[in-house]
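The values are calculated or read from the model by the stated rules, or taken from the named source; none is laboratory data. Just so you know, these numbers come straight off a predicted model, no measurement behind them. Here the Cβ positions follow ideal geometry from the backbone for every residue, glycine too, while neighbour counts run over all protein chains shown. Areas reflect the complete protein model, heavy atoms only, side chains present, ligands, DNA and RNA absent. Shrake-Rupley method; radii C 1.70, N 1.55, O 1.52, S 1.80 Å.
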Amino acid sequence: MGDNARMHLAVSLFPGTPGSGPEPEFNHLADFVQKAEAAELDMVVLADTAPASGDDAANGQMRFEATTLLAALATVTSSIGLVAAASTIAHQPYNLARRFASLDIISHGRAGWNATMAQAPREAANFSRPEGFSPDDFRRRTQEYISIVQGLWQGWDADALLFDQTGGRFHDPEKMHFLDHEGEFFSVRGPLNVARSPQDTPVLVVSDLSEADLDIAARTADVVLLHDGPIDGTKARYEDLKRRVVVCGHDPDAVRLLTNISLVTDGTARPTLVDNLEKRFRAKSCDGFNIQMPAQLSALDDFVDLVLPELRRRGLFRESYRGITLRSHLGLAGGGNQ
């Protein structure tokens, strides 16, 4: 069975969800991600948000900043992709681009950035913008932001860094590219002071799309996370987004479209669940699924032990990782061992 006939599987991890047992929470999260890696899932998506207010409920949601958690998880895993959410309001584009370029080197080509297209309520008030942004301003700003980050990631050719101590040449100037961006919201010269990513660029995952965001996603994203819905509607949305990708000049397989699903599995629900996933995938309503679940090993165990073997038996999910980078797991073009 060809790669396009096999679904991609990710799991979204919400770090604020209480774990079970007395062990420290990072150890619990590490166990969860290691279990997902042993199951050879494509990637784990780490949720994050800046606190929206000062009350305990808001500040107790996320106990780890997602990119910091990604760096820590990279040291206790070796294969699974690690995608962290990071706000376009809470970070300047140069710093965020540099952070993810560094994370991709630390993880040996397994890092990705989840950019949300939805403005979090009251988030901007924590970053000197108490009035926030209008929906149109936020969309234009986010589009410009993503363009800057991707441009910075491409600021060094693959063979630009020479490290020639004898000749005194750190890099080939002809293979270093200034961004020199002057836009509506940002001014960024570039380039990054970080080497090119092991997978050419970290994977860009976009989520929380409105209709007005679809062209942005088609033009920039590697992976799009989409809300669930009736199969006829998700199939039409899939076809529309793939058409937009082609209009933007890309191969339709250059972007993976994953449907967000929430699973509650047990022994009796397994056949119905597998049938439903197979039906949706074979109908070409998605390229796979992003499973949203609490950070509890029991929830992941149910999926890994009850559902995944049947998906593999039906030839719907691969038996092992195809390479060492996140792009290789997703079948996307890029550097590294594909």
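Take L209 and decide whether it is touching a residue at least 60 places away in the same chain (Cβ under 8 Å), out of contact with any Gly (no Cβ under 8 Å at 6 or more places or on another chain), more than 28 Å from K175 (Cα to Cα) and in a loop (DSSP other than H, G, I, E, B). Considered against the rule, which asks whether it is touching a residue at least 60 places away in the same chain (Cβ under 8 Å), out of contact with any Gly (no Cβ under 8 Å at 6 or more places or on another chain), more than 28 Å from K175 (Cα to Cα) and in a loop (DSSP other than H, G, I, E, B), L209 comes out as yes. Scan the range 273-307 for residues that are in a strand (DSSP E or B), in contact with a His (Cβ under 8 Å, 6 or more places away or on another chain) and modelled with pLDDT under 95 and the total you get is 0.
The set of residues in the range 180-201 being touching a Leu at 6+ places or on another chain (Cβ under 7 Å) and open to solvent by less than 50 Å² (accessible area, probe 1.4 Å) consists of V188, G190, P191, L192, A195, Q199.
Does the range 214-227 include one or more residues that are of a type outside the set (S, T, Y), more than 20 Å from the chain's Cα centre (by Cα) and modelled with pLDDT under 95? Among the residues of the range 214-227, not one is of a type outside the set (S, T, Y), more than 20 Å from the chain's Cα centre (by Cα) and modelled with pLDDT under 95, which makes the answer no.
Residue count for the range 239-261 satisfying the condition of being touching a residue at least 60 places away in the same chain (Cβ under 8 Å) and open to solvent by 10 Å² or more (accessible area, probe 1.4 Å): 4. Taking the listed residues A236, A333, the one that is open to solvent by 30 Å² or more (accessible area, probe 1.4 Å), of a type in the set (A, V, I, L, M) and part of a helix (DSSP H, G or I) is A236, with no other qualifying. Residues of the range 183-213 that are of a type outside the set (A, V, I, L, M) and more than 21 Å from the chain's Cα centre (by Cα): G183, E184, F185, F186, S187, R189, G190, P191, N193. The sole residue among L311, L332, L306, L316 that is touching an Asp or Glu at 6+ places or on another chain (Cβ under 8 Å) and either free of Cβ contacts under 8 Å to residues at least 40 places away in the same chain or under 14 Å from G112 (Cα atoms) (or both) is L332.
Each residue in the range 119-133 was checked for being open to solvent by less than 50 Å² (accessible area, probe 1.4 Å), of a type in the set (G, A, S) and under 19 Å from F186 (Cα atoms), and 2 of them qualify.
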